[in-house]
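Comments concern the structure below.
Throughout, read-outs are computed from the coordinates displayed, never taken from laboratory work. Predicted model, so just to flag it, every value in this text is computed and none were measured. Note that each Cβ is placed from the backbone with ideal geometry, even for glycine, and that neighbours are counted across all protein chains shown.
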Amino acid sequence: MAETPTLDERDRGGAGTPLLEARTLTKHFPLGGGAVVRAVDGVDFAVLKGETLGVVGESGCGKSTTARVVMQLIAQDKGEMLFDGEIVGGLSLSLKEYRRQAQMVFQDSYASLNPRLTIEDSIAFGPTVHGVSKQAAILRARDLLLRVGLDPARFAARYPHELSGGQRQRVNIARALALGPRLVILDEAVSALDKSVEAQVLNLLMDLRQEFGLTYIFISHDLNVVRFISDRVMVMYLGEVVEIGPVDELYDDPRHPYTRALLSAMPSMDPDNRTMEAPLAGDPPNPINPPEGCRFHPRCPQAQTVCAKVKPVLATAGEGARQVACHMEVAGSGHSRAPKLEEAA
Amino acid sequence: MTAPLVAQPLVAIENLTVRFRGAQNVHAVNGVSLTLEPGKVLGILGESGSGKSVTLKTLLRLLPESRTDIGGTVQVDGRDVLALNPQDLSDYRGAVTSMIFQDPMLALDPVYTIGEQIAEAIVRHEKIGRKAAMARALELLELVRIPSPERRLKAYPHEMSGGMRQRAMIALALAARPKLLLADEPTTALDATVQIQILLLLRQLQRDLGMGVIFVTHDIGVAVEISDRLAVMYAGQIVETGTVRELLRDPQHPYTKGLLAANLHGARKGERLEAIPGAPPALNEPPASCSFAPRCKHAQERCRAALPPVVTLGEGRLVRCVLAEDALAPA
Amino acid sequence: MTTLTEAAAPVVAPLAKSPGYWAGVFRRFKTDKVAVGAGIVVLLIILMAIFADYIAPADPTRSSMLRRLRPIGTPGYPLGADELGRDMLSRLIFGARLSLFMGVVPVFIAFVFGSLIGVAAGFFGGKFNTITMRTVDVFYAFPSVLLAIALSGAMGAGIANSLLSLTIVFIPPIARIAESVTTQVRGMDYVEAARASGAGAGTIIRVHVLGNVLGPIFVYATSLISVSMILASGLSFLGLGTKPPTPEWGLMLNTLRTAIYVQPWVAALPGAAIFITSISFNLLSDGLRSAMDVKG
């Protein structure tokens with residue numbers, strides 16, 4: 001949001017400081033026989049207050065694992081997270097308190113609601129865990145139902161299977177808001193919905209962001225949706241961040257070869273100018289024993305010797321707020337397309 | 001066999017209705033008519049429950065016949081598909097019409113190698129030996145551009161990546177040289193960079209082999225990338241047809257317009273989307289009025305009173321909406 | 001969010017409850033004619049056992065040396081008489097008591113303990129799961145009949161001991177089902193969402209797990225009732241369960257087997273009673289399962 005974000009009274013660091021800061025988050029899943037899935041491998045990013053950070057990438061890039069680590073549904077192996085300047089799970093911000101402030105909406109609207117609970121009971125569950133009386137929690141649930149566009153008189157006492165996918169996803173959003181969070185992680189939250197319903201839910205998400213001053217982490221494989229809703233976008237590949245930056249800058253002028261490939265794989269929407277060549281060959285590799293050096297180098301059209309040997313670090317590229325992990329952006333990296341050292345100096 | 005006259009369409013569906021019987025009947029397809037010229041690609045665009053996949057399955061008679069009522073006629077390459085006897089049906093499947101699916105793991109048999117499955121499909125339709133069939137299978141794998149095809153011939157489906165499996169399934173579908181290929185969301189489950197590879201492959205195969213293709217999808221971007229013509233389905237009916245260009249540049253039906261807006265291509269950041277309100281109807285009754293009227297901001301009394309007219313705007317350009325009729329009428 | 005934290009009026013207006021899950025189950029169950037029929041048979045047998053004193057035409061233990069092994073239809077003995085001249089009908093009616101008891105009670109106790117073990121193992125997973133479930137598997141590896149006989153044999157004959165041995169036999173299969181259903185539910189997003197809202201393990205199990213696993217476990221347990229009845233009859237047949245002259249179907253089958261050539265129809269009656277009861281329980285649990293299965 002370009003406008004001044006509505007500041008929460010719980011705010012500590014002030015506007016413009018990150019709400020969430022992830023530092024070298026790492027999560028590996030050991031398989032049998034010494035193999036390790038490097039699902040998330042040293043991921044650094046920050047989410048500013050009031051902004052929407054889009055996260056894109058293909059299967060195996062670690063975007064969903066990142067979401068679950070951020071939500072602390074699984075613990076990271078390494079790294080730490082700061083929420084409004086305080087270490088998550090540390091002395092001043094307990095995990096339980098953090099969970100009041102960060103919530104998540106899942107992709108599968110049916111699986112994320114307990115089939116034996118009525119809609120209002122599902123929404124009221126979180127607040128009761130945090131000591132709100134059952135009666136107050138139910139009242140809050142009905143108020144939230146109204147705010148997500150479902151008439152409580154009709155829907156509050158229904159069960160999940162009596163609702164359509166779009167309605168269920170509205171309930172999940174209401175449930176996430178029941179604790180009054182500041183950060184909401186939306187993990188493919190609109191991906192399973194039909195296009196016409198998806199647009200309704202996106203409108204709702206934008207309204208709620210405004211109304212409650214929320215900060216979103218919006219994970220999706222749909223690049224159109226991410227462009228529409230995000231302020232900044234983070235591109236992941238094989239458990240690492242390859243590029244992060246303001247949405248229009250990144251879409252109009254992608255700097256990392258993978259971002260370029262991903263964007264040019266989007267259907268053209270123009271019958272007179274169809275895509276003629278696939279930007280990449282083969283499938284995205286799986287994150288078990290990923291390649292040395294730059295993880296993208298085996299598929300990168302511009303790869304050179306240095307790419308196979310040295311791992312590029314995420315660094316500011318150009319003059320904007322963009323960060324790219326590519327040797328072509330670093331002066332003196334040894335890549336022939338890198339800017340010359342004297343130029344940079 | 002003499003070549004069929006150019007004028008004869010490869011597929012001609014006339015007033016197709018499909019009803020599933022059960023505790024509650026479901027009128028999945030309600031009067032669909034469409035034609036496909038040989039060597040052309042028709043995209044059927046629709047959301048879940050629009051009847052697009054059911055229409056496709058009817059072309060191969062894949063619906064459970066014991067609890068399905070099918071009305072209307074379905075002609076493919078001069079055959080009356082709904083009247084085929086079991087022997088003719090099994091000759092027809094694969095050799096005239098074949099199909100690729102969203103999930104190749106369900107279409108491929110996990111206990112046979114890719115080579116064995118393709119060879120089996122060839123032998124079923126042609127009188128050639130096992131060895132010759134294997135050689136043809138290898139050619140097919142090369143055709144769908146699977147790297148190191150000799151090795152893949154001996155691979156099992158689970159040993160391949162998602163994109164590779166999709167290619168193997170396409171090779172299997174092409175084994176008996178069909179004239180019509182039906183594609184049921186074959187790229188929906190794939191990653192973006194793989195999806196475009198498969199789309200380009202299908203486009204090239206279609207052109208090289210001169211097949212007719214009916215491609216069902218919910219993704220308008222995918223449909224544009226592969227189709228010559230589009231048919232938009234809603235609640236078991238086709239609401240608009242035309243070339244891709246016509247539908248994209250000048251959509252007439254309010255539902256088509258809504259779908260295009262919901263694709264977000266070119267949507268302005270921060271602006272509210274013009275979303276279609278509500279959800280599709282349940283289809284427990286056959287439609288007696290415009291199915292889209294409850295969600296349509298242009299809906300009028302007559303939309304709720306009777307079925308909307310099918311308005312012909314041009315050659316193969318049909319719209320099922322009163323607005324189009326008004327636009328045609330002299331002012 | 002302040003508007004939300006203050007509950008303005010402390011009155012929660014009652015809303016028209018939707019029919020809900022169990023109403024749906026009942027509605028689907030009603031349409032299943034076979035299951036409803038089986039349910040009625042089970043109900044009749046239970047009523048018969050409860051009101052045996054009023055229904056039975058004669059004392060089930062009063063014997064008569066003169067009227068041994070009478071055929072079905074003998075006046076005063078509508079279903080004939082057994083090898084000691086006791087009224088078969090009365091013995092079958094009274095026998096239902098012990099047979100039902102031996103069918104239901106061990107399964108019920110095993111349901112409680114098996115669910116406890118299985119839900120805990122499934123929910124907490126990891127090493128606890130491995131240790132618990134491998135232990136359960138050791139018992140599960142024995143064929144149930146052999147295990148029941150071995151345990152009963154070791155502990156000695158008698159109703160209490162056979163009850164105990166049957167309970168032990170049924171805990172492993174129920175625990176396994178409970179574990180697998182719980183593992184499934186634990187992976188559901190709504191359990192994750194509950195964790196994300198800060199709920200502890202106890203609350204999650206109580207609110208989100210039990211409601212979703214007890215139904216399927218219960219249905220499975222119902223299908224074990226027939227097995228339990230047959231096993232109990234088997235134990236009595238071998239002389240490890242009920243002692244004569246107490247009427248019990250398995251024991252009756254045992255004592256009448258020598259008469260199979262003299263009065264085959266009479267000798268087959270206890271078997272038929274066991275068969276009808278157990279198949280009714282099975283059909284009932286099948287019907288419950290499919291009624292509970294459907295989402296909509």
Residues whose modelled amide H sits under 5 Å from the amide H of A:Val233, counting only those 5 or more places away in sequence or on another chain, are A:Gly54, A:Gly245, A:Val247
Collect residues whose amide H, placed 1.01 Å from N in the peptide plane, falls under 5 Å from the amide H of B:Gly31; neighbours closer than 5 in sequence don't count. B:Leu16, B:Thr17, B:Val18
Based solely on its DSSP helices, what 222 nm [θ] is calculated for chain A when runs of n ≥ 4 H residues each add -39,500 (n - 2.57) and the sum is averaged over all residues, nearest 500 deg cm²/dmol? -8500 deg cm²/dmol
To one decimal place, what orientation-averaged projected area in nm² is obtained for the convex hull of the Cα set of the stretch C:180-254? 6.8
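What FRET efficiency, computed as 1/(1 + (r/R0)^6) with R0 = 30 Å and r the Cβ-Cβ distance, is obtained for A:Leu73 and C:Lys127, rounded to the nearest 0.05?
Values: r = 20 Å, r/R0 = 0.68.
FRET efficiency, A:Leu73 to C:Lys127: 0.90.
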Sequence order, the stretch A:36-49: Karplus ³J(HN,Hα) from phi using 6.51 cos²θ - 1.76 cosθ + 1.60, θ = phi - 60°, Hz rounded, Gly and Pro as x, gives 10, 8, 8, 5, 10, 10, x, 9, 10, 6, 10, 10, 7, 5
For chain A, evaluate the Debye formula with one uniform point scatterer on each Cα (no solvent term) and list log10 I(q)/I(0) at q = 0.14 Å⁻¹, rounded to two decimals. -1.19
Normalised by the number of residues in the stretch B:108-177, what is the relative contact order in percent for Cα pairs under 8 Å and 6+ residues apart? 45
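Ignoring the sites themselves, what is the longest stretch of chain A with no GluC sites (Glu not before Pro) in a DSSP loop and at most 11 other beta-carbon atoms within 10 Å?
Values: sites that count: A:Glu3, A:Glu9, A:Glu277, A:Glu319.
Result for the longest clean stretch: A:10-276.
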If I measure Cβ to Cβ between cysteines in chain B, which ones have no partner under 4.7 Å? B:Cys296, B:Cys321
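For the protein assembly as shown, report the translational diffusion coefficient in µm²/s to the nearest whole number, using Stokes-Einstein at 37 °C, 0.692 mPa s, and a Kirkwood Rh over Cα pairs. It would help to have the intermediate numbers written out before the result.
Working: Rh = 32.9 Å.
Rounded, D is 100 µm²/s.
If I take all pairs of Cα atoms in the stretch B:120-173, what percentage of them are more than 18 Å from each other?
Value for the stretch B:120-173: 27 percent of Cα pairs lie more than 18 Å apart.
What Kirkwood Rh does chain B have if only Cα atoms enter the pairwise 1/r average? Answer in Å. Walk me through the numbers on the way to the answer.
On the way: mean 1/r = 0.0474 Å⁻¹.
Result for chain B stands at 21.1 Å.
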Once you put a point 7 Å from the Cα of C:Ala157 and another 7 Å from the Cα of A:Ala315, both along the Cβ direction, what distance in nm separates them? 9.0
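Using the eigenvalues of the Cα gyration tensor, what equivalent ellipsoid semi-axes result for the stretch A:39-137 when each is taken as the square root of five times the eigenvalue, whole Å, largest first?
Numbers: eigenvalues 142, 76, 30 Å².
Value: 27, 19, 12 Å, ordered largest first.
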In debye, nearest 20, what is the charge dipole magnitude of the protein assembly as shown about its Cα centre with +1 on Lys and Arg Cβ and -1 on Asp and Glu Cβ, if you could check? 2720
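Taking GluC sites (Glu not before Pro) that fall in a DSSP loop and have at most 15 other Cβ atoms within 10 Å as cut points, what is the longest piece of chain B between them? Please report the intermediate quantities before stating the final value.
Details: sites that count: B:Glu126, B:Glu271, B:Glu274, B:Glu315.
Excluding the exposed sites themselves, the longest stretch runs over B:127-270.
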Let me check against my output: what whole-number percent is the relative contact order of the stretch B:206-290, with C-alpha pairs under 8 Å and at least 6 apart? 17
Distance between Cα centroids, the stretch C:132-188 to the stretch C:27-93: provide it in whole Å. 32
Most fluctuating of A:Phe228, A:Phe83, A:Phe45 in the GNM of chain A (C-alpha, under 10 Å) is A:Phe228
Those aspartates and glutamates that a straight Cα-Cα span of less than 15 Å connects to A:Lys78, excepting residues fewer than 8 apart in one chain: A:Glu21, A:Asp41, A:Asp44, A:Glu240
Amide H contacts of A:Leu238 (H built 1.01 Å from N, under 5 Å, at least 5 apart or other chain): A:Cys61
I need the P(r) histogram for the stretch C:149-292: all alpha carbon pairs, bin width 5 Å from 0 out to the longest distance, whole percents. 2, 9, 14, 14, 14, 12, 10, 8, 6, 4, 3, 2, 1, 0, 0
Taking loop as defined by DSSP and a crowding limit of 15 other beta carbons within 10 Å, which chymotrypsin sites (Phe, Trp or Tyr not before Pro) in the stretch B:85-131 fit? B:Tyr112
For A:Lys195, the lysines lying under 26 Å Cα to Cα, once residues fewer than eight places off in the same chain are dropped, come out as A:Lys63, B:Lys52, B:Lys57, B:Lys257, B:Lys269, B:Lys297, C:Lys295
Quick check: pseudo-label points 7 Å beyond the Cα along Cα→Cβ at A:Gln302 and B:Ala135, how many nm apart are they? 4.7
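Counting only C-alpha contacts under 8 Å and six or more residues apart, can you give the relative contact order of chain C as a whole percent?
Details: 423 pairs, mean separation 73.0, N = 296.
Computed over chain C, the figure is 25 percent.
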Pop out the ³J(HN,Hα) list for the stretch A:131-138 in order, Karplus 6.51 cos²θ - 1.76 cosθ + 1.60 with θ = phi - 60°, rounded to Hz; leave Gly and Pro as x. x, 6, 5, 4, 5, 5, 5, 5
Taking the alpha-carbon centre of each part, the distance from the stretch B:169-215 to the stretch B:226-305 in Å is 26
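On alpha-carbon atoms, Rg over Rh for the stretch A:114-179 using Kirkwood Rh? Kindly include the intermediate steps, with their values, before the conclusion.
Numbers: Rg = 10.4 Å, Rh = 11.3 Å.
Taking Rh as the inverse mean 1/r over Cα pairs, Rg/Rh reads 0.93.
Looking only at trypsin sites (Lys or Arg not before Pro) in DSSP loops with at most 15 other Cβ atoms within 10 Å, what is the longest site-free stretch of chain C?
Working: sites that count: C:Lys17, C:Arg62, C:Lys295.
Maximal segment without exposed cleavage sites: C:63-294.
Given N residues in the stretch B:161-266, what is its alpha carbon radius of gyration divided by 2.2 N^0.38 Å?
Numbers: Rg = 14.6 Å, N = 106, 2.2 N^0.38 = 12.9 Å.
Normalised by 2.2 N^0.38 Å, the Cα Rg of the stretch B:161-266 equals 1.13.
Once R0 is set to 35 Å, what does the formula 1/(1 + (r/R0)^6) return for the Cβ-Cβ distance between B:Tyr156 and C:Thr203, expressed as a FRET efficiency to the nearest 0.05?
Details: r = 45 Å, r/R0 = 1.30.
For B:Tyr156 and C:Thr203, the calculated efficiency is 0.15.
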Spin-label pair C:Ile50/A:Ile87, simplified geometry with 7 Å Cα→Cβ offset, distance in nm: 6.4
Dipole size in debye (nearest 20) for the stretch A:291-345 around its Cα centre, Lys and Arg Cβ +1, Asp and Glu Cβ -1? 260
Whole-Hz Karplus ³J(HN,Hα) for the stretch B:238-251, in order, using 6.51 cos²θ - 1.76 cosθ + 1.60 and θ = phi - 60°, x for Gly and Pro? 7, 9, 7, 10, x, 6, 4, 4, 4, 5, 6, 7, 9, x
Evaluate 2.2 N^0.38 Å with N set to the residue count of chain C, then give the Cα radius of gyration divided by it. 1.26
Could you work out the per residue convex hull volume over the alpha carbons of the stretch A:291-345, in cubic angstrom? 76
